[in-house]
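Please treat every number below as a calculation from the coordinates, not as lab data. As the structure is a computational prediction, the values presented were derived from the model and not from experiment. Counting neighbours? That spans all protein chains shown, and the Cβs are built from the backbone with ideal geometry, glycine included.
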Amino acid sequence: MVTFSGISRVNSETPYCEGFCLSTDTKPTEDIRNGSILVEIDTGNVFFFNEDSSTWVEQFSFQG
């Protein structure tokens with residue numbers, strides 16, 4: 001289950017979101033603002049949303 005801990009709609013109808021999920025969860029791609037962040041709590045992988053391609057892009061992992 002994806003859980004968003006922060007949602008902001010400043011100057012936009014599309015919300016900026018910060019949240020957490022498991023690596024097995026389906027990451028949402030509808031109504032998500034560019035630059036939103038998701039952290040996979042089981043892997044430590046951090047993803048940023050690319051609104052142009054409607055995809056979550058992995059930026060880095062906390063695993064060694």
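Brief remarks on what is shown
- Cut-off under 5 Å, modelled amide H: who pairs with Asn45 long-range: Glu40, Phe62
- DSSP beta bridges fully contained in region 3-60 are about 75 percent antiparallel.
- Charge sum, other residues only, whose C-beta stays under 12 Å from Phe47's C-beta, Lys/Arg counted +1 and Asp/Glu -1: -3
- Of (i) 12.8; (ii) 11.8; (iii) 14.1, the label for Kirkwood radius over Cα pairs in Å derived from the coordinates: (ii)
- Charge-dipole axis of the chain as Lys and Arg at +1 and Asp and Glu at -1 on Cβ define it, positive-most pick from Cys17, Ser53, Val2: Cys17
- Taking other Cβ atoms within 10 Å as a rough exposure proxy, Leu38, Leu22 sort from fewest to most as Leu22, Leu38.
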